[in-house]
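A.B. asks: Below is the structure I would like to discuss, written out as structure tokens.
The values are calculated or read from the model by the stated rules, or taken from the named source; none is laboratory data. Predicted, not measured: the structure shown is a model, and the values here were computed from it. FYI the Cβ positions are ideal-geometry reconstructions off the backbone, even for glycines, and counts take in every protein chain you see. Quick note on the areas: whole protein, heavy atoms, side chains included, nothing else; ligands and nucleic acids left out. Shrake-Rupley method; radii C 1.70, N 1.55, O 1.52, S 1.80 Å.
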Amino acid sequence: MNTDTPRLSCIAIVDFSQDIRFLYVTESFTELLGWDVRETIGRPGSDLVHPDEFPVVRQLHYGTIRQDKAAVLAYLRLKHKDPLKGYLLCAISRTVVHNVLVGSISPASAGIKALQNASTAQEVDFVTPVAKDFGFRRWGDPSPMPPSPIPNIPLLLEGTGEAEDPNAECKDGILSFKPLPKQSARVALILDRFSMHCPVQYCSNDLLVETTAVMGRSFYDFVSPKNEQRVREWIDMVKAWGVNERGQPSDGGFGFGRFTLLYKGRDSRDEQKKTTPSHGSRRKELFASLKGQLSKTPLLGSSSSKTHNSSTRDDELPVDAIFSAHSDGILLILRSTAAPSKSSEA
């Protein structure tokens, strides 16, 4: 890779069509590939793919959607706006989020960054042959390592049963298909990585949280208080992973977790103030505590415990989460781990 290439990672969203049209990109896309955000939105992503890799990329796009994949990675070449820079070898992550593909684009480079990305991804595809140098495997890792070979499109269609799909056909080695149906009820959020409150900058749909309710608010407003500290630690961790060798915000692989989502939200900042007592209130609490220790009874103890345990809400929803840090924000993918009651209503 050219040493002048920015070591950045942008977030991108594309549709389900065979043209892989851009629906959203963050500002680092311009620094990375030269294309302005305004001229990119609505443009077919397939226009940027190297002609030699186009058939395989379209097949990967189709297969990712059909198999409802998440946290998968592919290495391929994308065209820079500057003709002198030609095609840039990129690491592209993808996750199916209901009716779009959400992921990231970053320049491929050997070393610790490639190891982090490949070892935390659910699957790695090497479309560009030289990218196989970025294939790593940790001891004891299950599939998807070692790297998958470049697929043979006709054989792949026959072997997976996709050849029977009435909406897809393969002519001259190039797959053609109509827009595919919606997949799992997942939501993608983009959080401000430069704020301790992580306000929400983008919400892909209303399946788990209402877009109008979540935009601009602290992400922790929608995290159960019992999980907030742990989720903060996870986000701080992926932020630390997502730093390049120059100390700049970048990508650093995937983190996986589970917590309780509050889809109606709360005021996490106000609650945090209430749970952080002043010097005077701390002294009062100390005297009250000493007094309580002298006079407490088993009845009072069980009563306070019961009151604490009964503080449940009617908007709690257990979710699985995929965290990843990028130059322009934290990408968070959520899916419900409970019965799809709310998502089915949306």
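A.B. asks: Taking the Cα of THR337, stepping 7 Å toward and past its beta carbon, and measuring to each backbone N in the stretch 238-266: which are under 11 Å?
C.D. replies: Backbone N within reach: 257-261.
A.B. asks: At what distance in nm do the modelled label points of LYS226 and SER17 sit from each other, each positioned 7 Å from its Cα along Cα→Cβ?
C.D. replies: Going by the 7 Å Cα→Cβ label model, 4.6 nm.
A.B. asks: For labels at SER46 and ASP172 in the simple 7 Å Cα→Cβ model, what's the distance in nm?
C.D. replies: Here the modelled spin labels are 1.2 nm apart.
A.B. asks: Starting from the residue with the highest accessible area, list GLU31, GLU210, GLU123 in decreasing order, probe 1.4 Å. List each step's numbers first, then the result.
C.D. replies: Numbers: GLU31 115, GLU210 80, GLU123 40 Å².
In descending accessible area the options line up as GLU31, GLU210, GLU123.
A.B. asks: So for the stretch 1-107, considering every pair of alpha-carbon atoms, how many percent are separated by more than 23 Å? Don't skip to the answer; put the middle values down first.
C.D. replies: Working: 1061 of 5671 pairs.
For the stretch 1-107, the share of Cα pairs beyond 23 Å comes to 19 percent.
A.B. asks: Quick one: net charge around VAL187, please, counting Lys, Arg +1 and Asp, Glu -1 for every other residue with C-beta under 9 Å from its C-beta.
C.D. replies: Numbers: positive: ARG186, ARG335; negative: ASP206.
Result for the local shell: +1.
A.B. asks: Continuing with this model, one more query. Along the stretch 31-40, what does the Karplus equation 6.51 cos²θ - 1.76 cosθ + 1.60 (θ = phi - 60°) give for ³J(HN,Hα), rounded to whole Hz, x for Gly and Pro?
C.D. replies: Ordered by residue, 3J(HN,Hα) equals 5, 7, 10, x, 7, 5, 4, 5, 7, 8 Hz.
A.B. asks: Hey, rough spin-label estimate for ASP68 and PHE194, points 7 angstrom out along Cα→Cβ, what's it come to in nanometres?
C.D. replies: With each label point 7 Å from Cα toward Cβ, the separation is 3.8 nm.
A.B. asks: Here's something else I'd like to know. Excluding ligands and nucleic acids, what accessible area in Å² is computed for LYS81 using a 1.4 Å probe, to the nearest 10?
C.D. replies: Accessible area, nearest 10 Å²: 100 Å².
A.B. asks: So, taking all protein chains as they sit and a 1.4 Å probe, how much accessible area belongs to ARG94, in Å² rounded to tens?
C.D. replies: Around 30 Å² of this residue is reachable by solvent.
A.B. asks: How large a share of the accessible area of the stretch 74-128, in percent, is made up of carbon and sulfur atoms when the probe is 1.4 Å and the other protein chains stay in place?
C.D. replies: 58 percent
A.B. asks: Please compute one quarter of the surface area of the Cα convex hull for the stretch 195-262 and express it in square nanometres. Don't skip to the end; give the middle numbers.
C.D. replies: Values: hull surface 20.2 nm².
Spelled out: convex hull of the Cα atoms, projected over all directions, averaged, 5.1 nm².
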